[in-house]
Amino acid sequence: MANLWQTLETAMWNITHRIGVVDVLDMLIVAVVIYGLLMLTRQTQGSAVLKGVLLLGAVTVLSSVIGLTALNWIMMSIINNGALVLIILFQPELRKALESLGRGRLFRHGRTDLAERNRVISELVQCMTDLSRRRVGALIVLERKTGVEDIVETGTEIDARISAPLLENIFEPNTPLHDGAVIIRDMRVVAGACILPLTESRSVSRELGTRHRAALGISETTDAVALIVSEETGTISMARDGRLTRHLTAETLKEYLEELFAEPITGLGLLKRLRAPRKEKDA
């Protein structure tokens, strides 16, 4: 314990007495790079791998500070010999980072103002109600904290501003992109005709088709929210956290979307409301 305190005191003294302008600039550059990498992996399932790597790094530093020689030697061996493995694991993310850097979009974020949020909600509600009235099947996935980039890559890139006519045209029968899911990220339509994983739950009602099973599947593996229009009945449904809420009206759908976009990460109020009306326990 005495060695630990001595090491911490030495580190603090170096920080407060030996730090210069170049050191501050160096730390800022590293912080910006780390932030860019975190924002990049946030939109993919590689974020879980990155968390594991950071945990290994923390254990390595801690074992060195405390003096756990054997553990530190093992961790250092893993890190030194695992560099090539990490490059292979993060190959898609590294490629995207270089592409984004070349386009100057590495640090772009998806913040939107209140007016744009309200417009998007209005367009989504109009789209779902119009498709419901005409009994045109639809499946829209709203990406949240967990990235679904691997799902986006299964479809066709769109990258367009959200509008009801655009979404309705995508799901129009006999059009190239109507069969599959539309992915919405940061208030934009990023891809169409995407393939979603089907739910593996055996308790799903047999009256539910592939769209509902796919919506449940993506909501089970990520925190995304899926909106569904039944082709057979025109019923509007929402899947979240592996649960399905059916028979939504334009008013209830608008209320759910307002809470969803207001609280994109926690969504506790939305979760309570989703479990209240017409709960589908078998779904």
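Where a number appears in this text, it was derived from the coordinates with a stated rule and is not lab data. No experiment lies behind these values; they were computed from the predicted model shown. We place every Cβ from the backbone using ideal geometry, glycine too, and count neighbours over all the protein chains shown.
In terms of other Cβ atoms within 10 Å, Tyr256, Tyr35 run from fewest to most in the order Tyr35, Tyr256. Put simply, the amide H of Val136, placed in the peptide plane, has no neighbours under 5 Å, leaving out anything fewer than 5 places away on its chain. In terms of its Cα atoms, region 114-280 spans 37, 34, 32 Å along the principal axes, sorted from long to short. Derived scalar couplings between HN and Hα for region 118-135 equal 5, 5, 5, 4, 4, 5, 5, 5, 4, 4, 5, 5, 5, 5, 5, 5, 8, 6 Hz in order, rounded to whole Hz, by the Karplus curve 6.51 cos²θ - 1.76 cosθ + 1.60 (θ = phi - 60°), x for Gly and Pro. Close amide H contacts of Ala191 (hydrogens built in the peptide plane, cut-off under 5 Å, sequence separation of 5 or more or a different chain): Ile158, Asp159, Ile183.
Shown for Lys51, Lys254, Lys145: other C-beta atoms within 10 Å of each C-beta, ranked fewest to most, produce the order Lys51, Lys145, Lys254.
Amide H contacts for Thr235 (H built 1.01 Å from N in the peptide plane; partners 5 or more residues away or on another chain; cut-off under 5 Å): Ser230.
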